[in-house]
C-alpha cells in the first residue's frame, strides 16, 4: 500500500462546477499537507498548504485536513477552464532539522473543466 | 521573478550510457531536491542537498549520484542507463527558513533511454 493514495481520475466537470479532490494517507508522521497543480509538461506548482488539521481558504480554493481520518481535500469553487491540470497532493513530516524535507506525492488527479 | 532552471530540457541516451542533468536553483535558495516522475506516475523523491551537503536520500539507485556545488547549482549523474530510467526529472529549490513544502519546481528534463 502506498503511503498516499489519490484517485487519478480523470475528472471532467462543466465550467462553474464545484470540484472536490481527495487524498488519503497512512503515515501518521505527516504534519504538512500540500496541493500542487501541474500543467502538461510543466513542473508542479504549489497551490496551498496546511499544517495539521483544519481548513484553509485562498480565493476559489479551500484545503481541508482531517488527521483523525487521515484524509485531505481540495475544493475548487466556480471552476474555470484554466483550472484544467493535474492536481497532486503532497505530504511531509514535521521539521527534522536536516534542512530539507522530502515530499511524498499522491499520483495526481487529472481535471478537465469544460467551457 | 527568477525560476528554477534545468538543462537540458530533453535528453536521449542509449542503454548503458551516462547522463548528467543540471539544476540552477532560485537565487538565495539553499536547498535543492531531485525528483523522478515516470509516465503517469507521481514524482518520487531521489535526493536533496542543504547548503551543499547531502541532506536526505530517497529512492535513488546506486547508479545515480548527485552533488551541489559552491554556487548552489546541482548535478544529477546517471550511469549505466536502463530503459526504466526514462522519465521526467524535476529539480526543486527552497529556502530552508521558509515553509517546508514551499518547493519551487523547474520545468524538468525529459530523459529518454533507447
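The values are calculated or read from the model by the stated rules, or taken from the named source; none is laboratory data. These figures come from a predicted structure and were not determined experimentally. In this analysis, Cβ positions are derived from the backbone assuming ideal geometry, glycine residues included, and neighbour counts consider all displayed protein chains.
Once region B:54-73 is narrowed to residues that are within 12 Å of chain A (Cβ to nearest Cβ) and loosely packed, with under 14 Cβ neighbours inside 10 Å, the residue that is nearest to residue B:94 (Cα to Cα) is B:57. Meeting the requirement of 2 or more residues that are within 11 Å of another protein chain (Cβ to nearest Cβ), crowded, with 22+ Cβ neighbours inside 10 Å and touching a residue at least 12 places away in the same chain (Cβ under 8 Å), the strands (runs of 3 or more DSSP E) wholly within region B:1-53 are B:31-37, B:44-50.
Kindly check whether there is at least one residue in region B:82-91 that is within 22 Å of residue A:93 (Cα to Cα) and either crowded, with 19+ Cβ neighbours inside 10 Å or more than 11 Å from every other protein chain (Cβ to nearest Cβ) (or both). Yes, region B:82-91 contains at least one residue that is within 22 Å of residue A:93 (Cα to Cα) and either crowded, with 19+ Cβ neighbours inside 10 Å or more than 11 Å from every other protein chain (Cβ to nearest Cβ) (or both). Of everything in region B:94-113 that's more than 10 Å from every other protein chain (Cβ to nearest Cβ) and at pLDDT 90 or above, which residue is nearest to residue B:17 (Cα to Cα)? Result: B:113.
When you scan region A:36-115 for strands (runs of 3 or more DSSP E) that lie fully inside it, which ones turn up with 3 or more residues that are in contact with a helix residue (DSSP H, G or I) (Cβ under 8 Å, 6 or more places away or on another chain) and at pLDDT 95 or above?
On the way: elements: A:45-51, A:54-58, A:61-66, A:71-76, A:85-93, A:109-114.
In region A:36-115, A:109-114 are the strands (runs of 3 or more DSSP E) which contain 3 or more residues that are in contact with a helix residue (DSSP H, G or I) (Cβ under 8 Å, 6 or more places away or on another chain) and at pLDDT 95 or above.
Of the numbered criteria (1) buried (at least 21 other Cβ atoms within 10 Å of the Cβ); (2) farther than 14 Å from residue B:35 by Cα, the one residue B:106 fails is (2).
Residues that are assigned to a loop (DSSP other than H, G, I, E, B) and within 23 Å of residue A:46 (Cβ to Cβ): does region B:77-90 have at least one? Among the residues of region B:77-90, not one is assigned to a loop (DSSP other than H, G, I, E, B) and within 23 Å of residue A:46 (Cβ to Cβ), which makes the answer no.
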